[in-house]
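The values are calculated or read from the model by the stated rules, or taken from the named source; none is laboratory data. This one's a predicted model, so the numbers in the text were calculated from it and none came from an experiment. All Cβ positions, glycine included, derive from the backbone under ideal geometry; neighbour counts span all protein chains shown.
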Amino acid sequence: MKEGLGTILRNSIALRVWISMTILSLLLLWFGGGTFLDGLKLLVGVLAVGNEGEGSLRFLFWRVVRSFFIMGLAVMGGLCASFALSLVASFMGAFFSRLARALGRLLGYMPIMSVCLLVIYACIKQWELPIESMLPFETKSFSETWFNKLGRDAWGWLLPSLLLSLPVLGKGLEHFGENFVSLSKQPLMLGLKARGVTRTDRVFVHTFALSAEKMRDLVVSLPPLVMVSTIIVEELLRYKGWGEFGAKALRAGDAPRLAAFFYGGAFMVAIWLGLLEWLERRYPMPSQETLHREDRDSSNMGWGILASLLGAAGLATIWFWDHLFPANSGFFTQVSLMLEAELLHAIYGAFCCTVWGVILTLVFFLTPKAWSEALGEFLRVGRLIPLFLIGICFLWVTGLQRPLGTWLLSFFMSVPAGYALSKVVDQYKGSLRYLSSYGVGAKSLPLFAKVIWPAVLPGVVKLFFHALSTWLIWQCFISYLGKPHQLSALLESSSVGGLIYEQSEVIFDHYIHLLPPSLMITTLCFTALYLGECLSEACRTAQPNLRDGRQKPF
Amino acid sequence: MLKGLRWIIFGVPLALALLTIWSAKQAKNSRIARHDDFVIASSVSEAVTLNPFNAVGEVDLELRKILHESLIRSDAKAGLVSGIIEKWQWQQTSTVWFANSDIAKKAEAKIRGLTPELWEKFSLIEIEVKDNELAMEFGQAGSLGPSLLYQHIAEFGPLPLEQWRVEVASEAKHHHEFFIQNALEKSQVKRARILSDQEYLLDVSGETVRLMEELQLYYQNHPQLKARIRVASKQAMLHKPLFQALLREDAKFQDGQPITVEDVESTLRFVYSKPWLAEKADAWRLVDSIQKVSDKHFKVYFYDVYGPSLQLFVDLPIIPKTWIDQFSASLDSGVNVFRQNPPRGAGKAYIEHVGERSISVALADEKIQWPKRLQLLFGQNSRAIRTGYEMDEIDAFWPSSSSIEYISKEDEVKLSKQSSLNRLLILWNTRRTPLDKVDFRRAMGMAVNREFLIKEMLQGQGRVHDGIFYPGSWLSSNPESEAFNLEAARKILYSLGWVRNEEGYLVKNQEVLSFRLLTVEGNPERSKLAKLLEAQWKELGVKVILEEMPLNELFNNRLQQRNFDAALIGVNFETQWDQLALWHSSQSVRGLNFTSLISPEVDAKLESLRQEFDPKIIQNLARDLEKELMEHHPFLALFCAESTLVIRNNLKGTISEHATRLMGGDR
């Protein structure tokens, strides 16, 4: 079977992503002062970068391999563990499933640098465990058995893997948590039960098959989070991998090194997606047509209230701490001021994202069929957009030497927001068909205003709060990685990420200072997500259910 | 296939968890097994030169202390103590010339006829007549003996000694030698000293008029040399101080080779041919010759009576002659052979291995049970250093300022503080009104809260030291710092007639009290400090006008021209006791005495210090000078940075006294 390049490009997301990221890395290099020849050298892997000598690819190759190994281990471990835990929770009942989901959210939105620093502190000070990678030198002479050495070496790469698996575990729990409960209530599953299929087979054969798409979505969406986490974890543990190289490049603001780093990342993502594509081809996913998907986030009101109370209590504690304990005043005031500023930025950013998202959705809705098809193509890579955004941010800051402000960030953020909202519209395709059958002209502004907009409003609300939490956590990452070479003019004065970076230098002196800002970011994200779901539910109840077509829209 | 998934889904996390537990246990076991070395880590990225004569950083300084022994060591408490040199003595030969040998012999007879008490009083050891020359050897250098003795032989009409300075365009040595070979009156030239390629000095006695005519004639025949001859000074005798020293019998390098006079001479010539010890260059220029008496005994002759000549031997490490012969040329070509092939020193340790960012130092003292080896790591990430310390991998390090408070609370830790050589101060122009009044300058100092400045500028890692000498050095009187006292400062100013106006400024004769404070531009830290000072003086009621300018302009146009009120500058603490160039009134108009301080008391002490050879008296004089100087408040010392070395005092139950001492913990 002969396939043209165009077909391959159209079918392979991995290849498209690799090409896009490579172009971005070349742009980074050229805007950072590199020549055309440097670009060619980068592509063939002989560009000398930093102090690492001739041939970027030679040393980057091993760094990429080391990183890819721990990332693979972390993703595999995290996904398996989250799947297993979600299953166990679903066996225990709906409450435990939702609890698992809530725990997942907490884990997924915990600033990874804080977790990493606290683990470092606990390992060294509490458990007396060495972290070999943090010392780039063999200091003291001693003799050990090969068994001992093997264990020591294994600990060297297991610890970063373990840390990297935490956000994956969180995302996995969030994804699978409630999914299994709703799956078990599906008519298909009930039918299987009635036909005498064993519980084991129902769970591991059918549930897994029915969750495959969700898992695919999750695996595709993981690279940005895992890769940023890798940069942070490797830097903190001084693990000699691709992420540590990138962290150094980023902090130095060195364009050639960043380009090489991004180029190395392109290979990693391409392999990641390539493997996924291969798996999909080898083991095709079962059809989802028979499944009635309930998109509502049911019974979240309790969690929403709980999360809101938690957020409010956290904020109140931070705000009033210094008034209650004036002896230690200063630190909490600083944290509360930072949180206030960051929350305002996040609200503003999320608002911009939502507006941009609605505009984009409207544009796509009203445009011809070809555009809709393009949108469909876009949706296939939409979850990887943050990766490109990181590249564009690097390009903007390092290559063009411009600060990263709120407006720019909101523009960048609008792309995934548009994607997310478009997906909501996509879910209402059925309703469009239904409306067409009534002879209403499809894709008109009044139709959008009267029918589609009320229908997507819950999605918009949810999007706003989702963007808010995403903004909060990514703002934290950016401001952490931006030190001391400031990535953002907006974040440079004081930011939670910056504060965590400063605290990382003195973690052994007062690790406790890490907790308030980190926990507050997590709590705020947690609260925003549940609040968004609750409000989204509230909006939804007033609307006709267009999905099954049993009710007339007018 | 999907059925097998259950094993993967549950098996992978379980296997990873078990593997993690096992590996963590193994890693913990390996951590407990480590011992032996004492590891010192530094985050300073500057290259460690290992050059003991030109230490550039703290690591270099610390290494010098353990790798090398000095000829004479300076000790904060005991003053100058013997190092490689076991004993040393200053002597002086003073020579006079007479009209003929008979008169010289008569003078000799007169001296020999003096009572033994007088010989002792003059510290006279021996006299010798050679033709018309009478040489007298004294047991002390720089004493009054020669002058007193001169009075006894004055009746024989000793010929005066003149010092001529000859300046030529080039090849001074060549022309001098050529002239001396052929000059008729060459016997009148008692000593010649080549200062540079364009300059030399002649000590002449006798028929100096004819010699001068001959010399002028010679240079008239060489107009291209543009020679300039002038009489620089006249004196009664030709003095030639002599330093003689005995090396310790057991003095040897770490490879077991004994330290000989050849090593000492080679080191002296090697070191002072380089620009490393510029502060001692004046003393080295006075060295006439070095003479070996035996393997362990040597003499150094000097051209002139200059007490600080002793500085040449103080805190000077000695390295083997063989190393100098082998590597001196490579060093000249720009290769740092100190790192590539470190010389063996005479200290307690020797270098075992030099890596790119590490140095392994083995301790030679067999009495020391632990540690047997020191490892120095530098240019390391500060977080990694701290982690290493927490993991017991690192035993000593320089923590960040914010961590010191926390670390000092730990039981097994000893802190060693070291002041930097550089400090910041404000020079007052003592000729400018109202800064010409000592009380006024004192009040200005009292109004500055220096502890606050240290907190603001150095996060508390600094100290106030009012003296001129390095704090804690053998020369320092360690003067007490004047405490911040705004009220007392106000009272002083009030007594001087300054009263506050409605705006809060001090006024006198309707003039607001103000002065200009100069500082260098392009240095944000200095600007910040200047603004803090401005704010503090404003609190007192003084209006300070800040002026920033390039460094060249500050020194050349303002300080040199004495065109300033006050200047904020950074200068090094003094480690040498000759301070004449900086504070003598003769330097107040054109020299380096920028403050234009004129004080006969200070001048007297400065002059005495130049003449004194006895370390005990030098120490007392230097301390007196410091106190006297501080009473005049010619400058306001602000602060100097302090680095703190954290040393693990008790590693796994073993008190590492040796390591602590080796690392300067007792400083």
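Worth pointing out:
- Every residue from the range B:377-398 that is surrounded by fewer than 20 Cβ atoms within 10 Å (Cβ to Cβ) and more than 10 Å from chain A (Cβ to nearest Cβ): B:Gly379
- Only one entry in B:Ser401, B:Ser477, B:Ser419, B:Ser408 is more than 30 Å from A:Glu128 (Cβ to Cβ) and either within 12 Å of chain A (Cβ to nearest Cβ) or modelled with pLDDT under 90 (or both), namely B:Ser419.
- Of the helices (runs of 4 or more DSSP H) that lie entirely inside the range A:5-80, those containing 1 or more residues that are modelled with pLDDT of 80 or more and more than 25 Å from the chain's Cα centre (by Cα) span A:13-31, A:36-44.
- Residue count, the range B:43-60 (criterion: modelled with pLDDT of 80 or more and either in a helix (DSSP H, G or I) or within 14 Å of chain A (Cβ to nearest Cβ) (or both)): 1
- Meets criteria (within 14 Å of chain B (Cβ to nearest Cβ), out of contact with any strand residue (DSSP E or B) (no Cβ under 8 Å at 6 or more places or on another chain) and hydrophobic (A, V, I, L, M, F, W, C)) for A:Phe208: yes
- Per the conditions (1) at pLDDT 90 or above; (2) buried (at least 17 other Cβ atoms within 10 Å of the Cβ); (3) of a type in the set (A, V, I, L, M), the sole criterion not satisfied by B:Leu277 is (1).
- B:Glu456 being of a type outside the set (Lys, Arg), surrounded by fewer than 20 Cβ atoms within 10 Å (Cβ to Cβ), modelled with pLDDT under 95 and part of a loop (DSSP other than H, G, I, E, B): no
- Residue within the range B:204-211 that is touching a Leu at 6+ places or on another chain (Cβ under 8 Å) and either under 30 Å from B:Ala346 (Cβ atoms) or among the polar types (S, T, N, Q) (or both) present: yes
- Within the range B:112-128, the set of residues being closer than 24 Å to B:Gln89 by Cα and surrounded by 11 or more Cβ atoms within 10 Å (Cβ to Cβ) comprises B:Leu118, B:Trp119, B:Glu120, B:Lys121, B:Phe122, B:Ser123, B:Leu124, B:Ile125, B:Glu126, B:Ile127, B:Glu128.
- Scope the range B:550-579; condition under 19 Å from B:Glu626 (Cβ atoms) and part of a loop (DSSP other than H, G, I, E, B); matching residues: B:Phe573, B:Thr575, B:Gln576, B:Trp577, B:Asp578, B:Gln579
- Filter result for B:Glu62 (crowded, with 19+ Cβ neighbours inside 10 Å and out of contact with any helix residue (DSSP H, G or I) (no Cβ under 6 Å at 6 or more places or on another chain)): yes
- Residues in the range B:416-436 that are among the hydrophobic types (A, V, I, L, M, F, W, C) and crowded, with 18+ Cβ neighbours inside 10 Å: B:Leu424, B:Leu425, B:Ile426, B:Leu427, B:Trp428, B:Leu435.
- When restricted to residues that are at pLDDT 70 or above and more than 7 Å from chain A (Cβ to nearest Cβ), the range B:26-38 contains 1.
- Any chance B:Lys616 is surrounded by 19 or more Cβ atoms within 10 Å (Cβ to Cβ) and of a type in the set (Lys, Arg): no
- Restricted to the range B:192-211, and to residues there that are of a type in the set (A, V, I, L, M, F, W, C) and more than 41 Å from the chain's Cα centre (by Cα), the residue that is nearest to B:Pro160 (Cα to Cα) is B:Val209.
- Residue check, B:Ile290 in contact with a helix residue (DSSP H, G or I) (Cβ under 7 Å, 6 or more places away or on another chain), within 18 Å of B:Ser70 (Cβ to Cβ), surrounded by fewer than 17 Cβ atoms within 10 Å (Cβ to Cβ) and free of Cβ contacts under 8 Å to residues at least 60 places away in the same chain: yes
- Single match in A:Pro136, A:Pro187 (criterion: loosely packed, with under 14 Cβ neighbours inside 10 Å, modelled with pLDDT under 70 and either away from chain B (no Cβ under 14 Å) or closer than 30 Å to B:Leu376 by Cβ (or both)): A:Pro187
- Looking only at residues of the range B:171-218 that are hydrophobic (A, V, I, L, M, F, W, C), out of contact with any helix residue (DSSP H, G or I) (no Cβ under 8 Å at 6 or more places or on another chain) and without any contact (Cβ under 8 Å) to a residue 24 or more places away in the chain, we find that the one that is farthest from B:Phe302 (Cα to Cα) is B:Leu217.
- Every residue from the range B:319-330 that is assigned to a helix (DSSP H, G or I) and within 23 Å of B:Val261 (Cα to Cα): B:Lys321, B:Thr322, B:Trp323, B:Ile324, B:Asp325, B:Gln326, B:Phe327, B:Ser328, B:Ala329
- For the range B:357-376, the criterion of being touching a Lys or Arg at 6+ places or on another chain (Cβ under 9 Å) and of a type in the set (Ser, Thr, Tyr) is met by at least one residue.
- Test: residue in the range A:115-129 that is more than 12 Å from chain B (Cβ to nearest Cβ), over 20 Å from B:Ala17 (Cβ atoms) and within 25 Å of the chain's Cα centre (by Cα): no
- Residue among B:Ala169, B:Ala99, B:Ala141, B:Ala107 that alone is assigned to a helix (DSSP H, G or I) and hydrophobic (A, V, I, L, M, F, W, C): B:Ala107
- Residue count for the range A:142-164, restricted to those that are charged (D, E, K, R) and more than 7 Å from every other protein chain (Cβ to nearest Cβ): 2
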